[in-house]
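A short worksheet on the structure shown next.
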Amino acid sequence: MRVAVVGAGIGGLTLGIALQRAGIAVDLYERATELREVGAAVALSANGTRELYRLGVGKALEDVSTEPTELVYRDGRTGARIAAHAGGATYRARFGAPYWGIHRVDLQQALAAAVDPGNLHLGKAVAGVAGDERGATITFEDRSTTTADVVVGADGVHSVVREHVCGPDSGPVYSGTSAFRGLVKRTDLPSLPDPLTIQFWAGPGAHLLHYPMGGPARDDDTVNFFAVLCGPSDWSGGTRDAADGELLAAFAGWHPAVVEMLGAVEQSPRWPLLSQPPLTRWSRGRVVLVGDACHAMLPHHGQGANQSIEDAVVLAGLLAGGDVDAALEAYPRRRRARTRAVARSAWETGTLLHRSDDDVEGLAERDARFTTYLDANAWVHHYSASAQPSENATTTSEEVA
Ligand code: FAD
């Protein structure tokens with residue numbers, strides 16, 4: 001069996017490592033000429049990190065990651081702590097693997113280092129895919145082609161492969177929310193309480209999330225922030241340059257630590273937050289989707305990358321069984337309900353974070369949900385993609401509710 005993976009992001013690289021370890025020939029084709037998404041960060045939870053340890057890259061990542069000491073929810077204006085959940089060693093002991101804040105470039109480079117260099121092809125942008133019941137052909141923008149028994153679309157939210165599987169109008173939709181992001185030195189944040197925690201600051205129509213990142217080998221003290229605003233109501237295209245001061249104006253009157261953080265770095269472009277409506281099919285013939293190509297979700301649960309890792313591990317495990325058709329049939333059965341439940345939960349978290357001041361009952365519900373947040377969402381963190389399905393608790397957000 002030979003597998004060709006389109007995209008060497010978090011899902012594609014994880015799949016490459018898992019297939020290699022299963023003894024399956026795999027080539028990865030990545031549009032970028034260099035794996036260097038500088039300036040971006042990602043938080044990985046136990047359901048992702050336990051698989052990275054199992055794949056042999058956990059140790060390398062420990063050195064460049066920070067474990068937040070707590071998960072804290074605050075009122076964005078007063079700064080009052082609404083709720084807090086233990087992080088660090090307590091989280092690790094509870095879920096069997098750590099929670100990490102990490103520079104995306106460090107994660108990608110550690111994953112790439114575990115892929116046989118001869119099988120990672122950079123600067124290969126895929127233009128299209130065609131296939132039948134026995135295999136598939138990739139056509140690159142440089143007009144070269146390659147064939148494989150299985151082609152996996154791990155090409156992210158604007159996936160070309162998804163168009164082949166599901167048609168041209170199957171892509172993500174704008175959520176009505178948008179975001180700014182930035183990396184700030186902790187030394188530039190003297191007002192910030194609990195700087196080593198992952199914190200949500202909630203307020204009407206907006207929230208701020210931040211967490212520490214980097215690690216012992218990095219010797220940095222960076223905080224990654226992600227500031228989300230409701231609106232504008234319509235958006236087309238990618239990121240936009242915002243007007244000078246747009247971000248700070250949206251957070252006027254918020255707690256001094258919030259204003260200090262947002263003002264500490266040059267304003268980033270404004271990002272549309274996209275969400276993929278559930279796809280009715282995840283594969284066509286021998287072409288199959290993983291990660292954001294399949295189920296891009298809002299980032300309020302910090303789960304998009306973790307779900308891509310889980311997809312990759314499950315798909316590799318099924319393909320290792322040797323029967324491709326059976327594997328591609330079983331794969332969505334293993335992944336569809338979970339990814340939908342996580343995506344729905346991320347959406348709900350967004351609405352909880354943005355409750356208005358006059359919504360007294362809504363605010364009480366928000367505070368109660370944040371107080372039980374980690375218990376209610378333990379099903380997300382406990383999950384083990386490499387275990388047999390029967391070994392995972394079936395609890396989802398709906399059952400908890
Ligand atoms: P990607 O990581 O997007 O990788 C796709 C790869 O395919 C890229 O390398 C791209 O260059 C390549 N590619 C695209 N098109 C082609 C083509 N035609 N030919 C060849 N290659 C191609 N998730 C978390 O778990 N935790 C977080 O804290 C978190 N924070 C986030 C913050 C923000 C601001 C955003 C927007 C998302 C966040 N996510 C987070 C979500 C997470 O980034 C994604 O879910 C994750 O990166 C998806 O991985 P992927 O491999 O499916 O796609």
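How big, on average over all directions, is the shadow cast by the Cα convex hull of segment 10-157, in nm²? Let's see the in-between values first.
Working: hull surface 46.7 nm².
With the hull built on Cα positions only, its mean projection is 11.7 nm².
Rounded to whole Å and sorted largest first, what semi-axes of the equivalent ellipsoid does the C-alpha gyration tensor of segment 130-193 yield via the square root of 5 times each eigenvalue? Provide the component values of the computation, followed by the final result.
Details: eigenvalues 335, 56, 22 Å².
For segment 130-193, the semi-axes come out at 41, 17, 10 Å.
Among E133, E67, E37, which one shows the highest mean-square fluctuation when the chain is modelled as a Gaussian network with alpha-carbon springs under 10 Å?
E133
In whole Hz, with x marking every Gly and Pro, tabulate ³J(HN,Hα) for segment 182-196 from phi via Karplus 6.51 cos²θ - 1.76 cosθ + 1.60, θ = phi - 60°.
Residue by residue, segment 182-196 yields x, 10, 10, 6, 4, 5, 8, 10, x, 8, 6, x, 6, x, 9 Hz.
Once every DSSP H run of n ≥ 4 in the chain is given -39500 (n - 2.57) and the sum is divided by its residues, what mean residue ellipticity at 222 nm do you get, rounded to the nearest 500 deg cm²/dmol?
Working: 15 runs with 139 residues, N = 401.
Taking each H run of at least 4 residues, the total per residue is -10000 deg cm²/dmol.
Can you tell which of V161, V42, V324 shows the greatest fluctuation in a Gaussian network model of the chain with Cα springs below 10 Å?
Greatest mean-square fluctuation among the candidates belongs to V324.
Based on the alpha-carbon gyration tensor of segment 157-282 and its eigenvalue square roots a ≥ b ≥ c, which shape applies: rounded if a/c is under 1.5, prolate if not and a/b is larger than b/c, or oblate?
Taking the square roots of the gyration eigenvalues as a ≥ b ≥ c, segment 157-282 is prolate.
Quick one: P(r) of segment 231-336 from all Cα-Cα pairs, 10 Å bins, percents rounded to integers, in order of increasing distance.
12, 30, 24, 17, 13, 4
At 1.4 Å probe size, with no ligands or nucleic acids counted, give the accessible surface of M1 in Å², nearest ten.
Here the accessible area works out near 80 Å².
Out of the DSSP beta bridges found with both residues in the chain, what percent are antiparallel (nearest 5)?
Numbers: 49 of 69 bridges.
DSSP beta bridges in the chain are roughly 70 percent antiparallel.
Sequence-distant or interchain residues sharing an amide H contact under 5 Å with A41, placed H: which?
R104
Quick one: pull the percent of accessible area on the chain belonging to carbon and sulfur, 1.4 Å probe, ligands and nucleic acids left out.
On the way: 8080 of 16270 Å².
Whole-percent figure for carbon plus sulfur exposure: 50.
Two decimals, Cα atoms only, Kirkwood Rh: what is Rg/Rh over the chain? Mind showing how you got there, number by number?
Working: Rg = 20.7 Å, Rh = 21.6 Å.
Rg/Rh: 0.96.
How many angstrom separate the Cα center of segment 346-386 from the Cα center of segment 184-249?
Spelled out, the Cα-based centre of one part sits 19 Å from the other.
If you keep only loop residues by DSSP, which trypsin sites (Lys or Arg not before Pro) in segment 232-284 have at most 16 other Cβ atoms within 10 Å of their Cβ?
Here the sparse-neighbourhood loop sites are R281.
So what J values fall out for segment 215-223 if you push phi through Karplus, 6.51 cos²θ - 1.76 cosθ + 1.60 with θ = phi - 60°, rounded to Hz, Gly and Pro as x?
Using θ = phi - 60°, the values come out as x, x, 6, 7, 6, 10, 10, 8, 10 Hz.
Test of understanding: in a Gaussian network model of the chain with alpha carbons linked when under 10 Å, which of P172, P277, P212 would top the mean-square fluctuation ranking?
Largest GNM mean-square fluctuation: P277.
Kindly report the accessible area of the chain per residue (heavy atoms of protein chains, probe 1.4 Å, no ligands, DNA or RNA), in Å².
Working: 16270 Å² over 401 residues.
Per residue, the chain has an accessible area of 41 Å².
Please state, as a whole number in µm²/s, the translational diffusion coefficient that the Stokes-Einstein equation yields for segment 86-211 at 25 °C and 0.890 mPa s, with Rh defined as the Kirkwood radius across alpha carbon pairs.
Values: Rh = 19.5 Å.
Approximately 126 µm²/s, per Stokes-Einstein.
Ranked by accessible surface with a 1.4 Å probe, highest first, in what order do R344, R286 come? Kindly include the intermediate steps, with their values, before the conclusion.
Working: R344 90, R286 35 Å².
Per-residue accessible area, sorted high to low, gives R344, R286.
The values are calculated or read from the model by the stated rules, or taken from the named source; none is laboratory data. Model, not experiment: these values are computed from the prediction. Here the Cβ is made from the backbone with ideal geometry for all residues, glycine too, and neighbour counts use every protein chain on show. We work out accessible area using only protein heavy atoms, side chains counted, and drop any ligands, DNA or RNA first. Shrake-Rupley method; radii C 1.70, N 1.55, O 1.52, S 1.80 Å.
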